[in-house]
Amino acid sequence: LGRTAAAGAGFGVWAGTGPLLRAEDSALQGLSAACIGIGGKGGGDCSHIAEQGVKIVGLCDIEQARIDKKAREFPDAAQYTDFREMLDALGDKVDIVTVSTPDHTHAVAALKAMRMKKHVYCQKPLTWSIHEARLMRQTAEQMGVVTQMGNQGTSEDGLREAVEVIR
C-alpha cells in the first residue's frame, strides 16, 4: 500500500498534477510583463501572472495611489502613469502586457503593445466596436503574437450549467 501511494504521488508530480507544482514549474517562467491598469481587476491580473512565474517589470495606472500600493508587491517594477511612455521605455524588456483599463482604452493600449510584438492579455469587453475587434485580430496575426481576452466567470461550468437549466 505504501509503495502504491508513493508511486501515485511520483506520477502526480511527473504529470504536473501533484502537490509540488509551483510557479517555478510554469511555462511562463522567465517571461516579463508590464501591467496597464493595476486597480481592482487589473491588480488581480498583475498578481496572478506573477504567481505563474512571470516577472513584473512595469506598472502603469493613471492614479499614483494605485501604483504606490502595487509597488509594495513589486518594488523592482518601473512605475508609469502613461502606458505609451511605459511601453516605449521598457521596449525589449517586456514579453507580455496586461490591459485592465477602463473599457474605452482597451484597444488603444493593446494595439500599441501588439505592434511592438508583445503578447497581450486584455480584459473584457475587448473593444467597443467591431472595427476595433477586427483591427486587433489582424494586428495580432500580422505581428505573430498570442492574445487572450479575460472571460473568467463566463467560461466556467457553473454559468454554462445555469444556462442549460434555464433553457
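With respect to residue 62, is the statement that it is surrounded by 18 or more Cβ atoms within 10 Å (Cβ to Cβ) and not aromatic (Phe, Trp, Tyr) true? Considered against the rule, which asks whether it is surrounded by 18 or more Cβ atoms within 10 Å (Cβ to Cβ) and not aromatic (Phe, Trp, Tyr), residue 62 comes out as no. For the structure I just gave you, tell me whether residue 25 is over 17 Å from the mean Cα position of the chain (by Cα), more than 21 Å from residue 108 (Cβ to Cβ), open to solvent by 100 Å² or more (accessible area, probe 1.4 Å) and at pLDDT below 95. No: the conditions fail for residue 25. Screening 45, 88, 68 for residues that are at pLDDT 95 or above, of a type in the set (D, E, K, R) and closer than 19 Å to residue 121 by Cα leaves exactly one candidate, 88. Can you spot a residue in segment 78-87 that is free of Cβ contacts under 8 Å to residues at least 24 places away in the same chain, farther than 18 Å from residue 49 by Cβ, open to solvent by 50 Å² or more (accessible area, probe 1.4 Å) and in a loop (DSSP other than H, G, I, E, B)? Yes, there is a match, as at least one residue in segment 78-87 is free of Cβ contacts under 8 Å to residues at least 24 places away in the same chain, farther than 18 Å from residue 49 by Cβ, open to solvent by 50 Å² or more (accessible area, probe 1.4 Å) and in a loop (DSSP other than H, G, I, E, B). Taking segment 90-109 as the range and being closer than 23 Å to residue 30 by Cβ, open to solvent by 30 Å² or more (accessible area, probe 1.4 Å) and either in contact (Cβ under 8 Å) with a residue 24 or more places away in the chain or among the basic types (Lys, Arg) (or both) as the test, the residues that pass are 93, 95. Those residues that are surrounded by 12 or more Cβ atoms within 10 Å (Cβ to Cβ) and either without any contact (Cβ under 8 Å) to a residue 12 or more places away in the chain or basic (Lys, Arg) (or both), I need them from segment 65-77; list them, please. The answer is 66, 68, 69, 70.
Condition test on residue 34, is it closer than 21 Å to residue 151 by Cα, within 14 Å of the chain's Cα centre (by Cα) and part of a helix (DSSP H, G or I)? In short, no.
The values are calculated or read from the model by the stated rules, or taken from the named source; none is laboratory data. These figures come from a predicted structure and were not determined experimentally. Cβ atoms come from the backbone with ideal geometry, glycine included; neighbour counts cover every protein chain shown. For the accessible areas, the whole protein counts, side chains as well, though only heavy atoms, and no ligand, DNA or RNA atoms are used. Shrake-Rupley method; radii C 1.70, N 1.55, O 1.52, S 1.80 Å.
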